[in-house]
Structure formats: structure tokens, C-alpha cells
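Participant: Handing you this structure, nothing more for now.
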Amino acid sequence: MKTLKCSDVGFDCPAQIHAETDEEVLTQAAEHASSVHGVTVTPEMAEGIKTLIREEPA
């Protein structure tokens, strides 16, 4: 399971995204960024965000 914490991206936000793949995490992160923070994730931002995705221990 892949995990991304919104706070790791730089927002003061407790949201965490969990998904099976990096692409699913990025899709959910982009939706969250847009709906909650009013931010559109660009391809360049997505590349940076991808480096913050962690593998959750089993």
C-alpha cells in the first residue's frame, strides 16, 4: 500500500492518501489539492510529489 501525507507536501493538513499504486495516489492527491486547497497539480509538481510517496509496511 502506498501512502502520501498532505503535510509532507507542505500543507497544514492532516489528510493522508492510501492507494495501491503511485498513479492512484497522485490522482487522489490532485483531486484533494484541487477540492480542499484550490491548487492545480502540474506535471512538474506531480514529479516532486511522487518522491514523497511512501510504501506502507505490511
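Just so you know, all these numbers are worked out from the coordinates, no wet-lab data involved. None of these values were measured; they are calculated from a predicted model. Glycine gets a Cβ as well: all are built from the backbone with ideal geometry, and neighbour counts include every protein chain shown.
Participant: Select from region 34-51 the residues that are touching a Ser or Thr at 6+ places or on another chain (Cβ under 9 Å) and either without any contact (Cβ under 8 Å) to a residue 12 or more places away in the chain or over 10 Å from VAL9 (Cβ atoms) (or both) and list them in ascending order.
Facilitator: First, pick out the residues of region 34-51 that are touching a Ser or Thr at 6+ places or on another chain (Cβ under 9 Å): 34, 40-41.
Across region 34-51, the qualifying residues are SER34, THR40.
Participant: Kindly indicate whether any position in region 25-40 is exposed (fewer than 12 other Cβ atoms within 10 Å of the Cβ) and among the acidic types (Asp, Glu).
Facilitator: No, the conditions are met nowhere in region 25-40.
Participant: Related question: Output the residue which, of all residues in region 1-10 that are under 8 Å from the mean Cα position of the chain (by Cα) and among the aliphatic types (A, V, I, L, M), is surrounded by the most Cβ atoms within 10 Å (Cβ to Cβ).
Facilitator: Going through the qualifying residues, I end up with LEU4.
Participant: For region 11-24, name all the residues that are surrounded by 13 or more Cβ atoms within 10 Å (Cβ to Cβ) and touching an Asp or Glu at 6+ places or on another chain (Cβ under 9 Å).
Facilitator: Once the filter is applied, which keeps residues that are surrounded by 13 or more Cβ atoms within 10 Å (Cβ to Cβ) and touching an Asp or Glu at 6+ places or on another chain (Cβ under 9 Å), region 11-24 yields only ILE17.
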